[in-house]
Amino acid sequence: MWPLLVKSADLAHIGALFCKYRPFDQDMTQDLQNKPNERRLFIKSYGCQMNVYDSGRMADVLGPHGFAAVEGPEGADMVILNTCHIREKASEKVYSELGRLRALKEKRARDGKDTIIAVAGCVAQAEGEEIMARAPIVDMVFGPQTYHRLPEMVARIDQGETHVLDTDFPVEDKFDNLSAVGAPRTVAAFLTIQEGCDKFCTFCVVPYTRGAEFSRSLSRVLDEAQRLVDGGARELTLLGQNVNAYHGDNGKGGTTDLGELCRRLSEIEGLERIRYTTSHPRDMDDSLIEAHRDLPKLMPYLHLPIQSGSNAILQTMNRQHNAKTYIKLVERIRAARPDIALSSDFIVGFPGETDQDFEDTLALVREVTYAQAYSFKYSPRPGTPGADMETQIDEAVKSERLARLQALLNEQQIAFNEACNATRMSVLFEKPGRFDGQLIGRSPYLQSVHVEAPEHLIGTLEEVEIVAVKPNSLTGHRLGATGSAAKASAHGA
Ligand code: SAH
Ligand code: SF4
Ligand code: F3S
């Protein structure tokens with residue numbers, strides 16, 4: 001699972017995602033034994049990959065201040081919930097989790113131990129002190145642009161303050177002041193290059209929770225990429241709410257676009273794969289399309305959300321593209337990189353959506369054909385224009401449309417996976433599988449691939465023949481090494 005957005009059913013895996021970023025391992029247990037004063041920190045991420053990235057950075061910031069990351073809330077001296085506000089269900093999750101944490105905090109208090117409970121991320125930004133009013137066990141609430149100030153906030157709590165709130169928007173400060181990213185310990189790492197959004201789609205909270213669009217400079221992105229690769233990463237996913245609107249300062253009085261950034265990243269030795277997410281159709285420019293044509297390291301997979309196939313709905317959503325321009329764009333991208341696999345996001349039941357509008361969405365899906373996609377019922381978000389529209393759609397209608405759309409998307413996903421059967425593709429081994437002697441890797445098209453292979457191959461690319469296909473994964477047999485390590489040994493031979 002690697003979308004920008006995580007389906008609510010998958011929220012249970014998000015903690016695991018974070019653990020993958022920074023696993024609780026033997027070394028850390030050792031650290032805690034050696035440093036009895038060290039405090040245990042548990043961060044739980046909800047929502048998109050930018051939150052997963054941010055959670056890693058929070059752990060990096062707090063590490064030098066005596067906090068060691070652990071994998072569960074039990075025994076933690078500090079718990080941070082890094083929250084998502086995108087749909088009502090996502091934000092309500094936070095309150096149920098806070099209910100569970102209350103019992104934990106009270107039990108620890110009876111044993112004479114303090115527990116700092118913090119709410120970060122997009123719910124924190126959107127609801128601010130309301131969170132503390134609704135859940136008094138919360139000690140700290142801070143928004144996505146304030147993570148560099150975490151040590152100071154913790155110090156205030158240590159000095160006796162009971163409620164610390166920080167929801168400012170000093171966007172440049174966050175990246176400028178965050179310490180260098182820690183060793184990734186993962187083969188596939190995230191790298192945030194852009195944050196925020198100026199597009200104001202009428203359904204979406206992101207421009208309000210993450211603030212205005214901001215791009216990190218080229219040199220900072222390249223430095224961080226190099227550090228991640230030096231630390232063992234072989235694949236980088238560049239992150240941004242509008243990642244292809246990237247326009248980082250190039251240090252020469254101009255800016256660098258995403259296509260050019262991918263070119264520069266391609267030159268990093270040891271980096272085998274580049275991905276990016278999430279892109280807006282309006283910002284898919286020629287430079288990026290040409291990068292897909294020219295750069296073997298840029299993976300043939302593109303998450304390109306359209307939301308609806310109806311021009312009328314796209315207009316009320318303020319999407320700044322229509323179905324026809326999207327289809328033309330897909331044609332241009334496929335001409336540049338014929339094997340590219342497409343993914344998308346869809347919202348059904350946006351205010352005013354008629355049966356015909358919904359049929360237009362199904363028709364667009366049939367015309368484009370996706371390798372996989374995410375689809376959601378419209379969830380009115382307070383403060384967004386969509387929430388005030390009078391033509392809200394009945395829940396039952398939304399559910400029925402979602403089921404029909406998902407049936408079609410599933411069919412396409414299965415067909416895409418089936419078409420991979422008996423083909424050969426390179427797989428980047430990322431982690432051990434469920435069974436002994438098995439590894440899990442990713443195909444170029446982001447599918448999980450299970451392969452019998454020894455553990456020392458984690459972090460390497462191999463050519464694999466696909467021998468079995470399931471709706472959500474593939475099984476492959478090894479054929480031999482690919483990637484730069486293989487090229488180097490072939491060269492030396
Ligand atoms: N920046 C990305 C999307 C970020 S939000 C883009 O422009 O495509 C991720 C996805 O969540 C969106 O693509 C949309 O499909 C879904 N989403 C956002 N707001 C929503 C809402 N109010 N109700 C239901 N789904 C929503
Ligand atoms: Fe939200 Fe639209 Fe911005 Fe994407 S482009 S983050 S959907 S406002
Ligand atoms: Fe959710 Fe905020 Fe990401 S609302 S999707 S965590 S940008």
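For region 424-490, what is the relative contact order in percent, using Cα pairs closer than 8 Å and at least 6 residues apart in sequence?
Relative contact order, region 424-490: 29 percent.
With a ≥ b ≥ c taken as the square roots of the eigenvalues of the C-alpha gyration tensor of region 180-299, please select rounded if a/c is under 1.5 and otherwise prolate if a/b is larger than b/c or oblate if it is not?
Taking the square roots of the gyration eigenvalues as a ≥ b ≥ c, region 180-299 is prolate.
Under a crude label model (7 Å from the Cα following the beta-carbon direction), how far is Glu400 from Ala415 in nanometres?
2.5 nm
Report D for region 303-419 in µm² per second (integer): Stokes-Einstein, Kirkwood Rh on Cα pairs, 4 °C, 1.567 mPa s.
After rounding, the answer is 88 µm²/s.
What are the semi-axes of the equivalent ellipsoid for region 278-367, taken as the square roots of 5 times the Cα gyration tensor eigenvalues, largest first, in whole Å?
26, 12, 10
Tally up the carbon and sulfur contribution to the accessible surface of the chain as a whole percent, 1.4 Å probe, everything protein left in place.
Of the solvent-accessible surface of the chain, carbon and sulfur hold 49 percent.
How do Glu463, Glu38, Glu129 stack up against each other in accessible area, from largest to smallest, with a 1.4 angstrom probe?
Glu129, Glu463, Glu38
For region 335-493, what is one quarter of the convex hull surface built on the Cα atoms, given in nm²?
Averaged projected area of region 335-493's Cα convex hull equals 13.3 nm².
Using unit Cβ charges (K, R positive; D, E negative) and no other charged atoms, how large, in debye to the nearest 20, is the dipole of the chain about its Cα centre?
About 660 debye.
At 222 nm, what value in deg cm²/dmol follows for the chain if DSSP H runs of at least 4 each add -39500 (n - 2.57) and the sum is divided by all its residues, to the nearest 500?
-11500 deg cm²/dmol
Please list, short to long, the whole-number percent of alpha-carbon pairs of region 424-490 in consecutive 5 angstrom bins beginning at zero.
Values per bin, smallest distances first: 4, 20, 33, 26, 12, 4, 1, 0.
In a solvent-free Debye calculation with one equal scatterer on each Cα, what is log10 I(q)/I(0) for the chain at q = 0.09, 0.13 Å⁻¹, listed in the order of the q values?
Once normalised to I(0) and log-transformed, intensities are -0.64, -1.36.
With a ≥ b ≥ c taken as the square roots of the eigenvalues of the C-alpha gyration tensor of region 127-177, please select rounded if a/c is under 1.5 and otherwise prolate if a/b is larger than b/c or oblate if it is not?
Oblate.
Expressed as cubic angstrom per residue, what is the convex hull volume of the alpha carbon set of region 50-161?
So the per-residue Cα hull volume is 104 Å³.
Cross-link list Lys93/Lys470; Lys297/Lys431; Lys199/Lys377; Lys44/Lys93; Lys93/Lys398; Lys89/Lys470: which exceed 23 angstrom alpha carbon to alpha carbon?
Correct reply: Lys93/Lys470; Lys89/Lys470.
Would you give the gap between the C-alpha center of region 209-259 and the C-alpha center of region 86-158, rounded to a whole Å?
A separation of 30 Å, based on Cα centres.
The values are calculated or read from the model by the stated rules, or taken from the named source; none is laboratory data. Here the structure is a predicted model, which means the values were calculated and not measured. Reconstructed Cβ throughout: ideal geometry from the backbone, glycine too, with neighbour counts over all protein chains shown. When the accessible area is computed, the model is the full protein with side chains, heavy atoms only, and any ligands, DNA or RNA have been set aside. Shrake-Rupley method; radii C 1.70, N 1.55, O 1.52, S 1.80 Å.
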